[in-house]
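Peer 1: The structure's right below; bear with me while I get my questions together.
Where a number appears in this text, it was derived from the coordinates with a stated rule and is not lab data. Since the structure is predicted, the reported quantities are computational estimates derived from the model, not experimental observations. Neighbour counts are summed over all protein chains in view; Cβ atoms, including those assigned to glycine, are modelled from backbone coordinates with ideal geometry.
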Amino acid sequence: MTVIAITGETDLHSLEVMSCLRAKGVDTFLLDFSKFPRDLEIGFRQGVVIRSGDTTITQGQIQSVLYRRPSMPQVASQDPCIREYVERESQFFLDALPHIILVPWVSDPDAVRIAMRKPYQLIVARRLGFHIPETIFGNSPEAVEQFISSRDGEFAAKAVHRTYIRVDEEKGPLGVYTQRLTREQVQRRLDRVRYCPLIFQEYVPKEFELRVTVVGSQVFTCAIHSQQNERTKVDWRNYDIPNTPHEVYKLPDRVSDLCIALVQQLGLMFGAIDMVVTPDGEYVFLEINPVGQWLWIEELTKLPITSSIADLLIDEKG
């Protein structure tokens, strides 16, 4: 039996899981959509057949699928109209795979796409009982002004989805980090809001932050002491890992159960949840990433996240 990883060749997290699976005696196959359709064949009649080079995998050989960060199909045609057409047809075909490869997926691509929507995340989290910051989404200056005028304190301005911008292939992507703003600072920027939707939230004071990684029914929690470093106080993704203490943290059972319930409610088998612990000891949900990273957490804390994902792919009961 074979576990398929659908992701790009540079996804170190998937590569680590595949290495762990092979160490456990399980065959693996990296399904990189950027090779489709030129260097990768996928056929379906009564079952899926995948061919890449000298490797052929039939549907009966597939035990489970790790779905993380798939590449887009790449087409060689120089004609932009043909290239666009073939790429769209290819993507439409690939999108059908979860509905015809009927094995456990970690996680189901349709569930991943829906869970990526931050407004929906917050609605589900609030319904389950998480405390979340008061929030407004959108590009309406008037609505944002009403929001900030009705509240005291500071505000967090965040990207709706992507936290980087590709402006230069040589220099790599630029990070788009959360900004901590006063009411006056938001008001001075209101005219810019109409050009791109944003998230504005009441700024939550932090004692420290949590990265909660849920794998099936297992919960791995790391405390990130972001407030001990000026660079990471507002957004720990402004990485300074050597100077930002990380440690294993024991969540209260109630919060741990909420994290599992959120992942299950979203139809996922994996989720990386970001939370804040306030100076008053309150647990505040910020967001969940259904394909989040974990290797740096594992390296710093020795939490067995990779092995647990591998075990989940072998036995989906988690």
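Peer 1: Identify which of the listed values of Rg/Rh (Cα atoms, Kirkwood Rh) was calculated from the structure shown: (1) 0.97; (2) 0.99; (3) 1.40.
Peer 2: Given (1) 0.97; (2) 0.99; (3) 1.40, the structure-derived one carries the label (2).
Peer 1: Here's another thing I want to ask about it. Report the paramagnetic label zone for E89: residues of the range 38-72 whose backbone N is under 13 Å from a point 7 Å from Cα along the Cα-to-Cβ axis.
Peer 2: Answer for the range 38-72: 38.
Peer 1: Considering only W294, I273, P205, whose Cα is most displaced toward the positive end of the charge dipole of the range 205-314, charges sitting on Cβ of Lys, Arg (+1) and Asp, Glu (-1)?
Peer 2: Looking along the dipole axis, the top candidate is W294.
Peer 1: What is the distance in Å between the Cα centres of the range 211-238 and the range 21-41?
Peer 2: So the separation of the two Cα centres works out to 31 Å.
Peer 1: Considering only Cα-Cα distances, which of the following residue pairs are longer than 18 Å: K158/K250; K118/K233; K118/K206; K206/K233?
Peer 2: K158/K250; K118/K233; K118/K206
Peer 1: Trypsin sites (Lys or Arg not before Pro) within the range 233-318: which are DSSP loop residues with at most 16 other Cβ atoms inside 10 Å?
Peer 2: Here the trypsin sites (Lys or Arg not before Pro) that fit, given the DSSP loop and packing criteria, are K233, R237, K250, K302, K317.
Peer 1: Dividing the Cα convex hull volume of the range 205-314 by residue count, how many Å³ per residue is that?
Peer 2: So the per-residue hull volume is 93 Å³.
Peer 1: Which order results if W236, W296 are arranged by neighbouring Cβ count within 10 Å, fewest first?
Peer 2: Fewest to most other Cβ atoms nearby, the residues stand as W296, W236.
Peer 1: According to the Cα gyration tensor, what semi-axes, each the square root of 5 times an eigenvalue, does the equivalent ellipsoid of the range 2-103 have, listed from largest to smallest in whole Å?
Peer 2: Three semi-axes, in Å: 25, 16, 11.
Peer 1: Same structure, new question: Using Cβ counts within 10 Å as a stand-in for footprinting exposure, how do R211, R22 rank, fewest first?
Peer 2: The order, fewest Cβ neighbours first, is R22, R211.
Peer 1: What's the exposure ranking of V75, V144, going from fewest to most Cβ atoms within 10 Å?
Peer 2: V75, V144
Peer 1: Something else now. Which one of H131, H13, P98 has its Cα pushed farthest toward the positive end of the charge dipole of the range 1-146, where Lys and Arg give +1 and Asp and Glu give -1 at the Cβ?
Peer 2: The one lying farthest along the dipole's positive direction is H131.
Peer 1: Sticking with this one: For K24, give me every one of the aspartates and glutamates with a C-alpha distance below 14 angstrom, ignoring sequence neighbours fewer than eight places off in its own chain.
Peer 2: E16, D311, D315
Peer 1: Helix 118-128 versus the longest principal axis of the chain: what is the Cα-based angle in degrees, 0 to 90, to the nearest 10?
Peer 2: Tilt relative to the chain: about 80 degrees.
Peer 1: Can you give the local net charge around Q265? Use residues other than it whose beta-carbon is closer than 14 angstrom to its beta-carbon, Lys and Arg +1, Asp and Glu -1.
Peer 2: Value of the local net charge: +1.
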